[in-house]
Every structure is written in structure tokens, then in C-alpha cells.
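Enquirer: Handing you a structure now.
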Amino acid sequence: MQNTAEASFNELVEKYLGGPLPRDMTDRISMSEHPAEAKKFVVRALKLMNRSNYPITSLSPYFIHWLSTIKTILPSAWGGQIPPITLPDRHRKLDAYIKNQTRFKGKKALVFLDMGCGFPPITASDTAKALTDWQVYGVDYSFPDYIVYDKEGHYACFDKSGRYQYFQALMSRNGRALYQDPTATRKYFTRLFSTLKDQGVPFPGKTLKLFEKDGCRLIRNHVLNFESENLCLIKSDIKDIRLPPVMVIRCMNVHVYFDPDTRKKMVAQAGKFLERDGLMIVGTNGLAIQARYFVYEKKKEGLACKAFAFSPDNLGPISFMPWFTLHENDPEALALSRLSRIIRSHETFWPEFSNAVDRLLAEKGICRRRGDHFFQVPAQELLPREYMARGAAIWQELDSKGYVDGAVEVLNKAGYEAWKNPVGDIAVNPLSVF
């Protein structure tokens, strides 16, 4: 095979997964059109699949479509910035995890820190609504000065000098089209920003500066609109903030952008804010799906890693986030691949589990197996929101039938200290993994 930088996608699949894909599947992705960062991403994903004993027949057209567009969501497509793409209820289970912690019951002055909450600060806002007895702080150094909404509700962020930062589209077919050509999308929103700033009509009755024209809006300091009685939003680097003692820190989808050594320093620095017996949750998830995270606890001796946990949908055949890494040796991804391999290699549990997943994927209209055992998606591909809703229903049914408990049992029999945590994720004592 030619060197990795010049190899086709199917050559890479054959190298890491042991065989080629049908041509009608690989025609959807062209490695020659990927920049260097995207090519490295694909190789890392396939290496992780190899580590986790991922069968080639689990590669679905959904996954290949995501890989074909990966260049549009990596930092290089945003001038090196981290795009804070988010959705409501993204951390609903993590909020429930904190509510289930008896250690916090009866305590006063409960403080929650959402590090790198991004804009819009939906995760911090959701947490403030879920944890009404807590004071929530959302901290991010990149809160934008200006937000531009077009008439459909897609938006882009600009700094105080008017420099374009990033955009987020609604989860619609029109929205997905905006991701296909980031350069054209940048020009579109930049023109809209200039038009509104120069010709927009001031919107009456608002304390924040807002202009609108033809259904489009430009808002300055929009982040202030999200604050509430128990939610304070701070634009700052974490090392510069001053906060009361914190009982819980959540930092999701931030560390994935940094190398392992930098992550360790970030965890240690954040741990200084924690009170005794406080918790820190650090990890990665998709848009409210496919989570993997470490849970740290502040003890007298210092910060200790208490658990590594992952949602069971990471074991599914159409998952994307288990393979989302931006650096080699991503500690979360490596832990997940090691544990997934144990589960996928079990000679009785895995075939039964896989058959149950296949049946539900077909019943929910997501995809079904075709004659060559690969997946075929419906002619009308689902929108992301609908796909996620149906996927969530699948995993709820699998959990109700004991499959999550079964995966935990497989890990325990393999010598790992594993359990199902209060929100239904598979958790493992990290000392038994590393």
C-alpha cells in the first residue's frame, strides 16, 4: 500500500480493519480532497476501531458521510478556534448525575462551574434550571461580542472588532448545506454583519444593543440575555477568574482539543477550585449522545480519579464520537477502545447484543443490513435531530432489557471493576484500566 498520506479511504480501511468496503460506500469519501488535519483524523479513527475490535461490517453510510465532511468541523476550518457546537439538553444526564450525589444533600452554598461552556451557553443555562439550589457559573474566554442571526435562525459570532469567529446552523437540511462550504458561509455572514451594523434599525425596549433588518438580527453582548438568578456568565481565562469554593466542575468537549500532557495540567489547575469532596467531570460527548468521561474527586490528599464512564451507545455500529480525537493517545478514547474490545470479543454476549441492535435499527427506520451484511440507510436520510431521538429510544429499550447490565458483567468477569452508574452509563475503576 502507498504511504498513509496518499492512500485512499478503502486502502486505509483494508489496512486497519482487515478488508475493503463495497465501492458504493467508499465513493462518498475522497481522501484526496481532505486537508492534512482531516486525513490524520481519519487514520486515528481507524486505528481506534482496530484497537476496539470493531468489525468492518459495522461501518455505516452515516459514519462515512460524517468522515467525508469532517474537514468542515475541525479547528483548521475555523481559523484554529474551537467551534462550540451545542444543543439543548446536551448534558442532561450529567446534571442528573450530580442530582443523584447524596454527598451534596444538606450542604449550603453549592457552586457549580461549567468550564468552556461556549456560546450560546445552553449547557450552563440547562444546568441552572436543573440544579435550582446551586449557583452556576459558566466561564469561557471566547464569548463573542456580536451575534448575527439570519432569517432562518442560523447564526454567526464576531468579536468586538467585527472579525468573524464561527457559526452554527440549525439542524435542518438548509443548515447542513452551510457546513459544506465554510468559506462561502463566512462571506455570507460577514456581509450580513456589515449590512445590519450599517443599515439595521435599532430594536426598541432592549437594554442590549440590537439591530434588525428583513428578519435578520445583530445583537451585542447577547450572552447577558442568558443570565438568571442562579446563573452568572464570565468571559475569562480559567486561570484569571475569582470564584467562591466550587463543589462541582464540568468541562466537556474542551480537553479533546489538547494533547495528553496539557490535559493533565488543565485538570490539576481546575482542581484547585474544588472544595473537599467536590467532583470534576471531564470528557467528551456528541450532541447529547455518545459520552465518555472521567470523574475526579477532591480528597485531603489531592485530586483522585474516581471513575471512567461511557454511555452504552458508544458500542453501537453507527457511532461517531468514540472515534473523535484530535491528538494521538487521547486518554478517553484509549480507555473506551480497550473496554469496548473486551465487550466486542465476548463470544456469547456480543452476538446477542449486536443482533438486538440490528433489529432495533431496522425497526426505527435508521438503517438495516443488506445482502452483503453491510448497512443500507433509507433513501430519505434522517435529519440529525430525528436520528438522535430514534437512537435514544433504541438505547433506552436495550437498557430495559438488561444489555447494559450484561456489558458490565462482561467487564467484571474480565477482571475490571465495573458498574452501571446512576444515569445508566458503564463505569469502571480507572485503576483497573490503566
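The values are calculated or read from the model by the stated rules, or taken from the named source; none is laboratory data. All of these numbers come straight from a predicted model, not from anything done at the bench. Ideal geometry is used to build each Cβ from the backbone, glycine not excepted, and the neighbour counts take in all protein chains shown. Remember, those area values only see protein heavy atoms, side chains included, never the ligands or the DNA or RNA. Shrake-Rupley method; radii C 1.70, N 1.55, O 1.52, S 1.80 Å.
Enquirer: For TYR403, indicate whether it is among the hydroxyl-bearing types (Ser, Thr, Tyr), within 25 Å of the chain's Cα centre (by Cα) and at pLDDT 95 or above.
Expert: Yes: the conditions hold for TYR403.
Enquirer: What are the pairs with Cβ atoms under 7 angstrom where one residue, in the range 96-112, is open to solvent by less than 80 Å² (accessible area, probe 1.4 Å) and the other, located anywhere, is part of a helix (DSSP H, G or I)? Sequence gap at least six, or different chains.
Expert: Between residues of the range 96-112 that are open to solvent by less than 80 Å² (accessible area, probe 1.4 Å) and residues that are part of a helix (DSSP H, G or I), the close pairs are LEU110/PHE104; PHE112/THR127.
Enquirer: Scan the range 327-350 and tell me whether some residue there is under 22 Å from the mean Cα position of the chain (by Cα), farther than 30 Å from LYS264 by Cα and open to solvent by less than 30 Å² (accessible area, probe 1.4 Å).
Expert: The answer is no; no qualifying residue exists.
Enquirer: Across the range 359-368, which residue is most open to solvent (accessible area, probe 1.4 Å) among those that are free of Cβ contacts under 8 Å to residues at least 40 places away in the same chain and either in contact with a strand residue (DSSP E or B) (Cβ under 7 Å, 6 or more places away or on another chain) or part of a loop (DSSP other than H, G, I, E, B) (or both)?
Expert: Across the range 359-368, the extreme among qualifying residues is ARG368.
Enquirer: State the number of residues belonging to the range 182-207 that are exposed (fewer than 15 other Cβ atoms within 10 Å of the Cβ) and either modelled with pLDDT of 80 or more or part of a helix (DSSP H, G or I) (or both).
Expert: Adding up the residues that qualify gives 7.
Enquirer: What pairs come up if the first residue lies in the range 302-323 and is crowded, with 21+ Cβ neighbours inside 10 Å and acidic (Asp, Glu), the second is modelled with pLDDT under 95 and not in a loop (DSSP other than H, G, I, E, B), and their beta carbons are under 7 Å apart, counting only those six or more places apart or on different chains?
Expert: Note: pairs meeting the criteria are ASP313/GLY391; ASP313/TRP395.
Enquirer: Right, next: Among the residues of the range 230-263 satisfying the criterion of being out of contact with any strand residue (DSSP E or B) (no Cβ under 9 Å at 6 or more places or on another chain) and either under 30 Å from SER161 (Cβ atoms) or charged (D, E, K, R) (or both), which is surrounded by the fewest Cβ atoms within 10 Å (Cβ to Cβ)?
Expert: ARG242
Enquirer: Just wondering, is there one or more residues in the range 209-226 that are surrounded by fewer than 21 Cβ atoms within 10 Å (Cβ to Cβ) and over 23 Å from TYR166 (Cβ atoms)?
Expert: yes
Enquirer: When you go through (1) touching a residue at least 24 places away in the same chain (Cβ under 8 Å); (2) of a type outside the set (D, E, K, R); (3) in a strand (DSSP E or B) one by one for ALA407, which number turns out not to apply?
Expert: ALA407 satisfies all of (1) touching a residue at least 24 places away in the same chain (Cβ under 8 Å); (2) of a type outside the set (D, E, K, R); (3) in a strand (DSSP E or B) except (3).
Enquirer: Taking ARG390 as the residue in question, decide whether it is part of a helix (DSSP H, G or I), modelled with pLDDT under 95 and either out of contact with any helix residue (DSSP H, G or I) (no Cβ under 9 Å at 6 or more places or on another chain) or among the charged types (D, E, K, R) (or both). Outline the logic, then answer.
Expert: Working: part of a helix (DSSP H, G or I): yes; modelled with pLDDT under 95: yes; either out of contact with any helix residue (DSSP H, G or I) (no Cβ under 9 Å at 6 or more places or on another chain) or among the charged types (D, E, K, R) (or both): yes.
Yes, satisfied.
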